[in-house]
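Asker: Pasting a structure here, questions to come.
Please treat every number below as a calculation from the coordinates, not as lab data. Because the structure is predicted, anything quoted here is derived from the model rather than measured. When we count neighbours, we look across all protein chains shown, and the Cβ atoms used for this are built from the backbone with ideal geometry, even at glycine.
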Amino acid sequence: MIVLIGFMGAGKTTVGRLLAARLGLPFADTDVVIEQQAGRPIREIFATEGEPGFRALEHQVTAGLLAGPQAVLALGGGAVQHPATRRALGGHDVVYLEVGYAESMDRVGRDEFRPMLRNPGLEEIFRQRLAGYRAVAAHTVSTDGRPPEAVCQDIMARLPQVTDTHR
Ligand code: S3P
């Protein structure tokens, strides 16, 4: 499994779709699967069950996808905070898409569908998550000021053993 992680606005979904198309692999975005399984949008899950309820569901969905057929997966920005999700990532090709806080906010800052954006401590959460992303990723690719195609190329260069078999 090729798994893209990183903060909101890192480009996990955009780059993930591109990468999957280039490799002829299916693409899945955990946020979309969570909404399908719950039958409700993420902001509603946050509103009714709170962040802990969302995190439990997120782990369940992520672990299920990781155990499924080969694909490119885009994880939600907070997914790797869950210890069992971190364990489930072992043995997969985890790529961290790095984005600066300012650029992340430029990309997603006004999105009403991302409840974490209303968290007053968001910048601190961003800082606290950085070490976690690095710790679980085998590769880190910078995205600031770079088009998705360039980021996709970088990932393919980092994962030759995976990409060669699918080109
Ligand atoms: C979250 C990121 C979102 C989504 C949820 C919570 C977070 O995913 O999972 O709104 O805690 O950072 P993206 O990173 O795809 O925006």
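Asker: Per 0.36 nm of contour for each residue apart, how much would the distance between Q37 and A157 grow if the chain were fully extended, relative to their Cα-Cα spacing? Please report the intermediate quantities before stating the final value.
Answerer: On the way: separation 120, 0.36 × 120 = 43.20 nm, distance 3.44 nm.
Length gained, Q37 through A157: 39.8 nm.
Asker: Which whole-angstrom value gives the distance between the alpha carbon centres of the range 24-77 and the range 91-167?
Answerer: Result: 17 Å between the Cα centres.
Asker: At 7 Å along Cα-to-Cβ for each site, give me the label-to-label distance between T48 and E149 in nm.
Answerer: Label-label distance for T48 and E149, simple model: 4.3 nm.
Asker: Using the basic label-point model (7 angstrom from Cα toward the beta carbon), what is the A56 to D111 distance in nanometres?
Answerer: Once both label points are built, they end up 2.6 nm from each other.
Asker: Something else: Of the DSSP beta bridges with both residues in the range 2-165, give the percent that are antiparallel, rounding to the nearest 5.
Answerer: Values: 0 of 14 bridges.
Taking every DSSP beta bridge within the range 2-165, about 0 percent pair in antiparallel fashion.
Asker: To test your reading of the geometry: what angle, between 0 and 90 degrees and rounded to tens, separates the Cα axis of helix 42-66 from the longest principal axis of the chain?
Answerer: That helix lies at roughly 30 degrees to the long axis.
Asker: Counting helices only, and only those DSSP H runs with n ≥ 4, report the 222 nm mean residue ellipticity of the chain as the sum of -39,500 (n - 2.57) divided by its residues, in deg cm²/dmol to the nearest 500. Spell out each step's value before the answer.
Answerer: Working: 8 runs with 90 residues, N = 167.
Taken over the chain, the calculation gives -16500 deg cm²/dmol.
Asker: Which whole-number percent is the relative contact order of the range 32-167 (Cα, under 8 Å, 6+ apart)?
Answerer: Working: 91 pairs, mean separation 33.7, N = 136.
Relative contact order of the range 32-167: 25 percent.
Asker: I need to check one value: relative contact order of the range 1-87, counting alpha carbon pairs closer than 8 Å and at least 6 residues apart, in percent. Could the numbers behind the result be given before it?
Answerer: On the way: 104 pairs, mean separation 42.7, N = 87.
This gives 49 percent for the range 1-87.
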